[in-house]
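Q: Mind looking over this structure? Questions follow.
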Amino acid sequence: MDAELIRNIPPLTITRVTAGARWAMVETEETVGLSAMPLLASGSAPDIPAKICDDYVGAPLSALAGGLRMAAGIERSLACAAANAGNRAPNGGAVSDGLLPEPGSGTERTVIVGRFPELARKRPGAIVLEKHPGPDDLPADAAPYVIPGADHFVVTASAWSNGTLAGLLRLAIGSRVTLVGPGAPLAPALHAYGIHRLAGFIVGDREKTREIIADGGGVKAFKPYGRQIMLSEE
């Protein structure tokens, strides 16, 4: 999957890299890409040297996206944002956050990685895995026991940026898979890797989004300045 995204990076030049406590944003003249930043074991954000961002301004997008070869860390997260900046805004697609069940899903078994807002309403009865579990969640290390055999598997795009997505997809073979979040690559080629629905985010107001990310803001703060979109496998 990562190799596929690297191969398809267009010849664009990076104009700005913004790394906040929770999100990263990579810009070219024509495109914008977002990705979740890694958290320390304590749940806090690491310090990000400004030089890491400045060094890539003026470089080709592919230079930063090459960090997808790394297993995890800040540079991988920046690489994910760069790869997303390589995906031009798609034509078509549904306006959706990818969390509502597909028509006809009924009472089929659903497993979700990530405690998204309003899950009790959108996916009642779903099994939720979380790195820092709440009272209604299972711990992330329960994944091998609950993901296999699920009818539907919904996974946060943060699993891609932190390097755990490939392992989760291996557990979800045979499931209907949705990758969700502003960091989800809107790249139809990824349907071939077992991801049936890609629910991502297209930035509308760059300046406001950049300002929020630089100040450490999250999805709730920048969501009004873009649009959610979902690409489904045909």
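Q: Count charges around ASP215 for me, please; just the other residues with Cβ under 12 Å from its Cβ, Lys/Arg as +1, Asp/Glu as -1.
A: Net charge around ASP215: +2.
Q: At 1.4 Å probe radius, can you tell me the per residue accessible area of the chain in Å²?
A: It amounts to 48 Å² per residue over the chain.
Q: So, with a 1.4 angstrom probe, what is the percent of accessible area on region 95-234 that is carbon and sulfur?
A: Whole-percent figure for carbon plus sulfur exposure: 55.
Q: Let me know the volume per residue of the alpha-carbon convex hull for region 79-147, in Å³.
A: It is 140 Å³ per residue.
Q: Same structure again: Treating only the Cβ atoms of Lys and Arg (+1) and Asp and Glu (-1) as charged, compute the dipole magnitude of region 77-140 about its Cα centre; round to the nearest 20 debye.
A: The dipole magnitude comes to about 120 debye.
Q: Quantify how much of the Cα-Cα distance distribution of region 63-221 extends past 23 Å, in percent.
A: 39
Q: Starting from the coordinates of the alpha-carbon atoms of region 146-234, obtain the Kirkwood hydrodynamic radius over all distinct pairs and give the value in Å to one decimal.
A: Averaging 1/r across every pair of different Cα atoms and inverting gives 13.9 Å.
Q: Another question about this same structure. Once the dipole of the chain is set up with Lys and Arg at +1 and Asp and Glu at -1 on Cβ about the Cα centre, which of PRO148, ALA19, SER232 lies farthest towards its positive end?
A: PRO148
Q: So which aspartates and glutamates pass the test for LYS208, namely a Cα distance under 15 Å, with those fewer than 8 places away in the same chain ruled out?
A: Correct list for LYS208: GLU27.
Q: Evaluated at 25 °C with a viscosity of 0.890 mPa s, what Stokes-Einstein diffusion coefficient in µm²/s does region 52-111 have when Rh comes from the Kirkwood expression over alpha-carbon pairs?
A: D, rounded to a whole number, is 169 µm²/s.
The values are calculated or read from the model by the stated rules, or taken from the named source; none is laboratory data. Computed from a prediction, not measured in an experiment: that's the story for all the values here. With ideal geometry, Cβ positions are generated from the backbone for all residues, glycine too; neighbour counts draw on all protein chains shown. Side chains included, ligands, DNA and RNA excluded: accessible areas come from the protein's heavy atoms. Shrake-Rupley method; radii C 1.70, N 1.55, O 1.52, S 1.80 Å.
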